[in-house]
Amino acid sequence: MSEQKRKTVGLALGSGSDRGMSHIGVIKTLLKHNIPIDYISGTSIGAIVGAYYALHGEVDGLEKTFKNIMARPWYLLDFDFKGPNFISNKKVYNMLSYNFYREKTFTDTNIPLRISATDIDTGNEYVFKEGKVIDAVISSMSIPGIFPPCEIDGKHLVDGGLSNAIPVDLLSEFKPDVIIAVDLYNTKMSPLPKYNIRSIINRTYQIYISKLSEFSKRGFCSNCKDYIILNPDTNETVSELLTFKNIDRNIKIGIEETESKIEEIKKLYNTGISL
């Protein structure tokens, strides 16, 4: 009699700043429905959430700490007008390290983890597979012009979302049977009611991020047999993305989007593999 082996699941968490609180809702819902996460990849805010989960196996602590910190976000501001950025990343680095990652390395994670950053000198993707988790996370989330590039291995690394908005391809080395990708850039657009500076800038941002999303999905959709794309639509404007004022709302949106597709996820996962 053949024995049934369960399928393995890879989770790819995309970039999206404040929108990324939806990732917490996605993971909470997968855990609620007993969908395992065997491998995880992340970029930018997806790196922050993914690395925390890979180390701790839960996201409640991440949610609680984020809320406490963002209640007084000005404590993280360390303006630096001498360099090519507005804010030094020292306070953010120390906060993330102390609260989330400490001195942990990739070998300390309970789940295999991959994190994407971008080499600002070449525009190429840089993939973290080893070293300190905090170094990978701070590199992946360093938005150019706001935070300084991180110098790692002689390279100057910035936001991973610039080169890989949804890092599904980073899971390929693990060969998961099912891939769940979280796309925070799938923005629904309709004709603008007004044409002013604010609306034009917001629409430009929407177009930019939606094209990043399309570029990332174009490659993996043809290469993955069993996959599903979650699209938590927080519909935030460019001016809201770094405020983290909508943590509860965005987590709820992540939960609702995952719940709406949970039966499809279960169908992909519960089809056993005969040995």
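The values are calculated or read from the model by the stated rules, or taken from the named source; none is laboratory data. Note that this is a predicted model, so its numbers are computed, not measured. Every residue, glycine as well, gets a Cβ built from its backbone with ideal geometry; the counts of neighbours run over all protein chains shown. Heads up: the accessible areas ignore ligands, DNA and RNA and are worked out on the full protein's heavy atoms, side chains in. Shrake-Rupley method; radii C 1.70, N 1.55, O 1.52, S 1.80 Å.
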Close pairs (7 angstrom Cβ cut-off, 6 or more residues apart or separate chains): more than 18 Å from V182 (Cβ to Cβ) in segment 227-247, at pLDDT below 85 anywhere: T237/N202; V238/I201; V238/N202; V238/Y205; E240/D18; L242/S17; L242/D18; T243/D18
So which residues in segment 8-59 are closer than 17 Å to E173 by Cβ and open to solvent by 10 Å² or more (accessible area, probe 1.4 Å)? T8, I37, D38, Y39
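Yes or no, residue by residue, for (1) modelled with pLDDT of 85 or more; (2) touching a helix residue (DSSP H, G or I) at 6+ places or on another chain (Cβ under 8 Å):
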{"site": "A51", "(1), (2)": "yes, yes"}
{"site": "K64", "(1), (2)": "yes, no"}
{"site": "P84", "(1), (2)": "no, no"}
{"site": "Y98", "(1), (2)": "yes, no"}
Which condition breaks for K267 when tested against (1) modelled with pLDDT of 70 or more; (2) part of a helix (DSSP H, G or I); (3) open to solvent by less than 40 Å² (accessible area, probe 1.4 Å); (4) of a type outside the set (D, E)? (3)
Identify all residues within segment 1-56 that are farther than 17 Å from P112 by Cα and part of a strand (DSSP E or B); write none if there are none. Q4, K5
Qualifying residues in segment 148-172 (those that are without any contact (Cβ under 8 Å) to a residue 60 or more places away in the chain and closer than 30 Å to I255 by Cβ) - the one least open to solvent (accessible area, probe 1.4 Å): S163
